[in-house]
Every structure is written in C-alpha cells, then in structure tokens.
1. Give the number of residues within the range 88-107 that are touching a residue at least 40 places away in the same chain (Cβ under 8 Å) and open to solvent by less than 60 Å² (accessible area, probe 1.4 Å).
2. Hey, could you check the range 315-327 for residues that are under 19 Å from Arg19 (Cα atoms) and of a type in the set (A, V, I, L, M, F, W, C) and say which is most open to solvent (accessible area, probe 1.4 Å)?
3. What are the pairs with Cβ atoms under 7 angstrom where one residue, in the range 238-257, is assigned to a helix (DSSP H, G or I) and the other, located anywhere, is more than 16 Å from the ligand (Cβ to nearest atom) and among the β-branched types (Val, Ile, Thr)? Sequence gap at least six, or different chains.
4. So which helices (runs of 4 or more DSSP H) are wholly in the range 93-193 and hold at least 2 residues that are within 16 Å of the ligand (Cβ to nearest atom) and within 19 Å of the chain's Cα centre (by Cα)?
5. Evaluate the range 218-229: report whether one residue or more is within 16 Å of the ligand (Cβ to nearest atom) and in contact (Cβ under 8 Å) with a residue 60 or more places away in the chain.
6. For the range 291-306, give me each residue that is small (Gly, Ala, Ser) and either within 13 Å of the ligand (Cβ to nearest atom) or open to solvent by less than 50 Å² (accessible area, probe 1.4 Å) (or both).
7. Please verify whether the range 255-275 includes one or more residues that are hydrophobic (A, V, I, L, M, F, W, C), open to solvent by 50 Å² or more (accessible area, probe 1.4 Å) and within 16 Å of the ligand (Cβ to nearest atom).
8. Looking for something surrounded by 15 or more Cβ atoms within 10 Å (Cβ to Cβ) and part of a loop (DSSP other than H, G, I, E, B) - is there at least one such residue anywhere in the range 70-79?
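The values are calculated or read from the model by the stated rules, or taken from the named source; none is laboratory data. These numbers come from a predicted model, not from an experiment. Note that each Cβ is placed from the backbone with ideal geometry, even for glycine, and that neighbours are counted across all protein chains shown. Ligands, DNA and RNA are excluded from the accessible area calculation, which covers all protein heavy atoms including side chains. Shrake-Rupley method; radii C 1.70, N 1.55, O 1.52, S 1.80 Å.
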Amino acid sequence: MTRRERPAMSNLNPASPLRNWLADPAAGQILRGMLASQGQSEEALSPALGLPLEQLVKMSGGKFPAELVDVLVTAAETGEIPEGLPTAPPAAPAATAPEPGIEIGTPEPWTERITSGRFAGQTVVVTGAASGIGKAVASRVVREGGRVVAVDVSGDKLADVAAELGGALVPVTADITEPTAADTVLAAAGGRVHALANVAGVMDDDAAVHEVDDKIWQRVMRINVDGPMYLMRAVVPGMLAAGGGRIVNIVSEAALRGSAAGAAYTTSKHALVGLTKSSAYQYAGTGVQVNAVAPGAVATGIQVPAGAPYGSARTAKMRVAIPGLAMAEELAASVTFLLSADAVNLNGVVLPSDGGWSVA
Ligand SMILES: NC(=O)c1ccc[n+]([C@@H]2O[C@H](COP(=O)([O-])OP(=O)(O)OC[C@H]3O[C@@H](n4cnc5c(N)ncnc54)[C@H](O)[C@@H]3O)[C@@H](O)[C@H]2O)c1
C-alpha cells in the first residue's frame, strides 16, 4: 500500500460525480492511472465530469470494471492506494488559465424528484423502452402512476425492464419499421392512449453525403422517421376522438445543426422535426399536442457504427463544444414534462435538453 496525505474522511460514494472522485488525492490518482494505461487522458473524460462514477462504469463496456468502484471507495476512505495499480498524478494546471473574476462553485448534483400520481389513470406508449432514454422515460411514468406500453425490438432487454418495473408495464416486442407493429401496440394498449413517446432511434456512421451507404441510410430513415410516423398515424384518431393526447418525438442536436452527426442521421432528425411541426399545426385546437425533445450527448447504450473517414473527421471538430454528457434520467425529466398535463399550451415546440450546447 502507498499512503497518501489526505484531509478528513471521504464522503464519496458510487453516486458521487466523477469530478469529485478525480479531486480525491488517492482515488484521483487511481482513476488517472487507469486512463493512462488505456492511452487516454483526464481531458478525454471532461464531458463526463458531472456523471456519477457508477454511470461511467456502466457505459465503459468493461474498461472500468465494477470492482474498481470498491477499490476507489476504499482508497478514498483510507487514503491508501493498493500496490500494483497504475497511478498518475493530477495534471499541472494550465499556466495560462485565465482568472474568471468571480467565484464559481462545484455544480450541485441533480436528484430526480418523483411527482406522485402525475400519470395516474393514463396509458403511455414508449418506444425504445428497453434501453437508455426510452427505459428511463418508461420507468419514470410507471413510478408516477402510469401504465406504459413499452415497445422495443430487443425482446430480451425488454423482458428485463418488465421484470424490473412490474405489472404497470406492458412489454411489446416489435420492430417499429413494420407498419403492422402499430396495430399490435394499439391492441396492447387496449383502450385510450393518452400519450406517445417516440424514443427508439439509431445513429449513423457520421458519413458525409458522398460517403453514404444505402443500407445505413435506409435503416436510419426507417427507424428514425417511418417508425414514429406509423405510430403517430395509429394513435392520433383515438386521441382526436377522446379530445386530447400528447405526443413527444425524440430528435437530437442533429435536428438543430448540421455538425452533430452524418447526413443520414441529421436528415432523419430534421424530418422528425418536420413531422412534429406539421402535426402540431394540423391538430392545433383539438387537444392533441405534438412536441419534440432534442437531446445533446447522453450516456446510454446507443451503438455508434464505425465512423466514415471524411464525415467523422469533420464532426469530431465540433464535439469539443459539448458542455457535458447527461444521464438518461435527466432526459426523462424533460420528456415526461412534455408528456404530462404541465405541457399545457405547448404545441410544436422543439425543446433542446442539452445543457446549452445548442446556444454555443
Ligand atoms: N444517446 C445520445 O447521446 C442521444 C443524443 C441525441 C438523440 N438521441 C436519440 O434518443 C433516442 C434514444 O436513444 P438512446 O441513446 O436511448 O439509445 P439506445 O440504443 O440506448 O436505445 C434505443 C432503443 O431503441 C430500440 N430500437 C432500435 N430500433 C428499433 C426498432 N426498429 N423497433 C423498436 N425498437 C428499436 C433499441 O433496441 C434500443 O433499446 C434515439 O432516438 C436517439 O436518436 C440520443
């Protein structure tokens, strides 16, 4: 063991943000050592500084093993670093770092606050509910009293979510690009659908138009545009007849700018904004509201295909402007707001939930 000088007893735990772990004299050295041994720097983690340590472990794909959390907790508590672990000292502060001229504290961590009964008596269809943002939305609606028809193409993962969330979640294993999937969803709802969250979506390979692969283009358009349209087409007549309903389409920063993804993904998310605005206009005054949420970077399991050479080099340049990675639960807070009755008077809104990336 190597003992380090450290102040009082640590109050770090797996839910503490990464920046606090890096600031700990012993745990910070271990974390930096792990990064260095993988050829990475602390700088590479800067968008993730506000995320809980446990989230980093989940999204690291095994690079940060779960056992590391126990090692770090012990190191933070004792100030001791187990022999044999790679360590690295904190980077020297940049000599030219400008004085901000105002004291800036550490950002307060966000805690999810459940609004009990917000969705009581309501049926909400959520696509992409087996993972990431869709799972977080389904979970929040269920914990706020709603019944969720949870749709995903991945039956195994959906079964795990159903086991976790209990009887208020009705799992529907379906591919939203099949027009018949919408009938299956309506049958599972078995009555009024109060709200629909079109969350399922896939990324492209950042390809610029001259690099576009037909298969990727078609897959992205089918899942990100056709699927949401089929479901909207299916639920809107019931919502109109009932005198109300709320639809929230998940778009992206790539719906707001040309530099956040490749040609296919950017086109698909702009198209989904078009579908949102057209529908918001067409149904204005009927009680049916159609809005969108545009997430920035979110820590989820979303698969990113290997980057196309030209396009991915171009999009990499803008990633430095990302203010930070959000957690899926943070996106669920924005999405469930628009799914809820508090979205009164909102129609055709594209709400960026991106920590301010879109205003940079
Ligand atoms: N993660 C991010 O950084 C980010 C940023 C901006 C926008 N978004 C958007 O948010 C949405 C959710 O992304 P996520 O990060 O939670 O992704 P995710 O991969 O964690 O979850 C997406 C889910 O959609 C399901 N799905 C994919 N194709 C389907 C199909 N044909 N039919 C039914 N289900 C299907 C997947 O099985 C998966 O469970 C997507 O629309 C994505 O474009 C994500």
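1. 1
2. Restricting to residues being under 19 Å from Arg19 (Cα atoms) and of a type in the set (A, V, I, L, M, F, W, C), the top hit is Val320.
3. Gly238/Val193; Met239/Val193; Met239/Val288; Leu240/Thr286; Leu240/Val288
4. The qualifying helices (runs of 4 or more DSSP H) are 132-143, 155-165.
5. yes
6. Ala292, Ala294, Gly296, Ala297, Ala299, Gly301
7. Checked against the condition, which is being hydrophobic (A, V, I, L, M, F, W, C), open to solvent by 50 Å² or more (accessible area, probe 1.4 Å) and within 16 Å of the ligand (Cβ to nearest atom), the range 255-275 yields at least one hit.
8. Checked against the condition, which is being surrounded by 15 or more Cβ atoms within 10 Å (Cβ to Cβ) and part of a loop (DSSP other than H, G, I, E, B), the range 70-79 yields at least one hit.
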